Amino acid sequence: MTDKPSFVYVTYIQASPATVWQALTSADLTAQYWGHANISDWQAGSHWEHRRVDGSEIADVIGTVLESDPPRRLVLTFDAPPVDPGTVAAEDPSTVTFAIEPYGDIVKVTVTHEKLVDQGALDAVSLGWPAVMANLKSLLETGKVLSEPPWQMPSGVTAG
């Protein structure tokens with residue numbers, strides 16, 4: 001068995017663990033800071049979808065809630081939906097763990113994305129997770145998302 005790449009990202013947010021949990025599991029809030037609505041009942045064993053908010057209802061990511069311990073820990077499988085309806089998704093999808101820990105008056109949020117298929121997937125999540133978490137942090141701390149969606153910045157391009 002070969003080791004698959006993993007990615008870990010840590011941020012600190014001026015919010016309560018319950019507020020961060022709500023932001024991770026609310027379709028309305030994820031639509032604001034992630035550009036997709038995360039849809040599920042968030043119970044272990046439940047299906048979840050990362051749906052576009054353009055009215056198409058297309059799910060770009062799907063998975064299963066593996067662990068749900070509000071407001072401390074959420075573990076999900078993270079996979080592209082099958083290309084053809086009726087086919088089965090990957091047998092060994094990647095997993096994402098959100099660990100939410102009180103840290104004084106703030107919260108430490110650790111996102112761990114494991115079992116990535118290859119270096120290309122690692123490169124993609126290495127750009128994606130910091131962008132999503134920056135937008136989440138901005139929304140929770142200021143009430144507004146960032147003025148530019150950070151995930152739309154081409155890699156290697158800097159403003160200036």
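The numbers here are math on the coordinates, done by the rules we state, and not lab data. These numbers were taken from a predicted model, which means no experiment stands behind them. No Cβ is skipped: glycine too gets one built from the backbone with ideal geometry, and neighbour counts run over all protein chains shown.
Partners of LYS115 within straight-line reach, counting lysines whose Cα lies under 22 Å from its Cα and excluding those fewer than 8 residues away in the same chain: LYS4.
Between the residues SER147, LEU122, TRP34, the greatest Cα displacement towards the positive end of the dipole of the chain, with unit charges on the Cβ of Lys, Arg, Asp and Glu, is found for SER147. Positive contributions from Lys and Arg (+1) and negative ones from Asp and Glu (-1), summed over other residues with Cβ under 15 Å from the Cβ of SER6, come out at -3. When the inverse distances between all different Cα atoms of the chain are averaged and flipped, the Kirkwood radius reads 16.4 angstrom.
Result for the chain in a Gaussian network model with C-alpha springs under 10 Å: among THR77, THR11, THR95, the largest mean-square fluctuation is at THR11.
Inverting the mean 1/r over all pairs of different Cα atoms, compute the Kirkwood radius of the stretch 26-82 and quote it in Å.
Working: mean 1/r = 0.0872 Å⁻¹.
11.5 Å is the Kirkwood radius here.
Panel note: the C-alpha atoms of the stretch 1-59, placed on their principal axes, show extents of 40, 32, 23 Å (largest first).
If the chain linking THR19 and VAL83 were pulled fully straight, counting 0.36 nm for each residue of separation and taking away their Cα-Cα distance, it would gain 19.5 nm. Label positions at LEU146 and ILE106, each projected 7 Å from the Cα along the C-beta direction, are separated by 1.7 nm.
Find the Cα radius of gyration of the stretch 89-147, compare it with 2.2 N^0.38 Å by division, and give the number to two decimals.
On the way: Rg = 14.1 Å, N = 59, 2.2 N^0.38 = 10.4 Å.
Ratio of Cα Rg to 2.2 N^0.38 Å: 1.36.
Summing charges over all other residues whose Cβ lies under 15 Å from the Cβ of ASN135, with Lys and Arg as +1 and Asp and Glu as -1, gives -1.
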